[in-house]
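A.B. asks: Handing you this structure, nothing more for now.
Throughout, read-outs are computed from the coordinates displayed, never taken from laboratory work. Bear in mind the structure is a predicted one, so any value in this text is a computation, not a measurement. With ideal geometry, Cβ positions are generated from the backbone for all residues, glycine too; neighbour counts draw on all protein chains shown.
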Amino acid sequence: LRADPWTQKTLATGLTPTQAAQATNALQRYAVEHTRLGIPLLLAEECPHGHMAIGTTVFPTAIGQGSTWDPALLQRMGAAIAAEARVQGAHVGYGPVLDLAREPRWSRVEETYGEDPVLTSRMGVALVRGFQGAGLPSGRAIAATLKHFAAYGVPEGGHNGGSLSTGLRELHQSYFPPFRAAVQAGAWSVMAAYNSVDGVPCSASAYLLTDVLRRQWHFQGFTVSDLGSISGLASTHHVAATHLAIAVGHARMQVQPARPQRSCQRQQLQRTRHLRPLLPLGVPQHRHRKAPHRSDHAGRPPVALQRQRLQRRAQVLARRQPHHVDPHRHPDRPFECSKAAIVRRPGRPASPPRQPTACPCLLS
């Protein structure tokens, strides 16, 4: 259902809310009636600042949401997003983004709530409660997916997906708290990040995904890989020789012929982790979604009012307050900073080809 430059879906080529509901109903019907086990599908959608589909409400980006300092408003926004996504057939929403914006060269700063772990924690918890608060089997809620675990917002050189070298203290003091708070708030899903931390890819890190997430935080939901991150273990991180080696390595962890009892227990654990989240999501009792003529919530007065409130509260960058900025010395600094942004072609081999880098500069 996603409609954006990545999917190349537009208002002309994408699915309307009615078509989306019909499509997801058809997929679910096939899964239930024509597969061996008859288990319905678990459908996930991008929901960074609104359900990223046609006919839904577009809210301010996360950096604007964070500028409101209003968790209650974000929770109401999350409930509106969840209702709009669920009416088209989604069960899972990719969000909130809990990365910290501490590398200004990173190209995805606007997806974060800012650089502060406390603010990010509060906003992340609010969005989780908004997504899931109506009760997942209610038909008006979606499971939140926390991303990107972990420390994705501070790549070396600012290159998206770049590696990170840090210590355990910094991880636990700065980058883990927003995720831990959201897990404690009941988030059902966590997305592993593209990057590596101290040489270990996050998508294959037993420390992050098992020791911290499940044993220390007692996370009971499911983890999901980012697009292409599993194949990236071979092509990007080079910790596996081929894509086949990734699959073989995973199979070795599950099956150990010399210890069949342990192998069986591990397989049962893997199945449990995959199927357990389907129960509170109401997926085994899937009901076909009523095809709306338009999204049942987008554009309605309550949702439009929430969007307008968020837009007004997010516009704080140019506010002139003496205790923030001296209005006589720097009256137009925010606008000067924007004008001084320089876009250049990357000159280092580590930079992806055909990807310009934005370098914001302060005027002296």
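A.B. asks: Rank the residues 103, 45, 33 as a footprinting-exposure proxy: fewest other Cβ atoms within 10 Å of their Cβ go first.
C.D. replies: Numbers: 103 20, 45 25, 33 8.
If I rank by nearby Cβ atoms, fewest first, I get 33, 103, 45.
A.B. asks: Let me ask something else. Need the full-extension length gain, residue 30 to residue 169, defined as separation in residues times 0.36 nm minus the C-alpha distance. One decimal, nm. Before the final figure, lay out each step's value.
C.D. replies: Numbers: separation 139, 0.36 × 139 = 50.04 nm, distance 4.89 nm.
Full extension from residue 30 to residue 169 adds 45.1 nm.
A.B. asks: On full extension of the chain, what length is gained from residue 220 through residue 39, given 0.36 nm per residue of separation minus the C-alpha to C-alpha distance?
C.D. replies: Numbers: separation 181, 0.36 × 181 = 65.16 nm, distance 2.04 nm.
Fully extending the segment from residue 220 to residue 39 adds 63.1 nm.
A.B. asks: Does a label point 7 Å from the Cα of residue 235, set along Cα-to-beta-carbon, have any residues of the range 179-221 with amide nitrogen under 18 Å, and which are they?
C.D. replies: Under cut-off, by backbone N: 193-196, 201-204.
A.B. asks: Another one. For a quick protection proxy, order the peptides 105-111, 161-167 by their average other-Cβ count within 10 Å, most packed first. Before the final figure, lay out the partial values.
C.D. replies: Working: 105-111: 18.3, 161-167: 15.7.
Ranking the peptides 105-111, 161-167 by packing returns 105-111, 161-167.
A.B. asks: Sorting 169, 76, 86 on the 10 Å Cβ count, fewest up front, what's the list? Mind dumping the intermediate values first?
C.D. replies: Values: 169 8, 76 20, 86 25.
Listing 169, 76, 86 from fewest to most nearby Cβ atoms yields 169, 76, 86.
A.B. asks: For the pair residue 7 and residue 207, what calculated FRET efficiency results from E = 1/(1 + (r/R0)^6), where r is the Cβ-Cβ distance and R0 = 25 Å, to the nearest 0.05? Each step should come with its number before you reach the end.
C.D. replies: Values: r = 34 Å, r/R0 = 1.34.
In this case the efficiency is close to 0.15.
A.B. asks: Of 30, 152, 207, 94, how do they rank once you tally other Cβ atoms within 10 Å and put the fewest first? It would help to have the intermediate numbers written out before the result.
C.D. replies: Details: 30 11, 152 29, 207 15, 94 23.
Starting with the residue having the fewest Cβ neighbours, the order is 30, 207, 94, 152.
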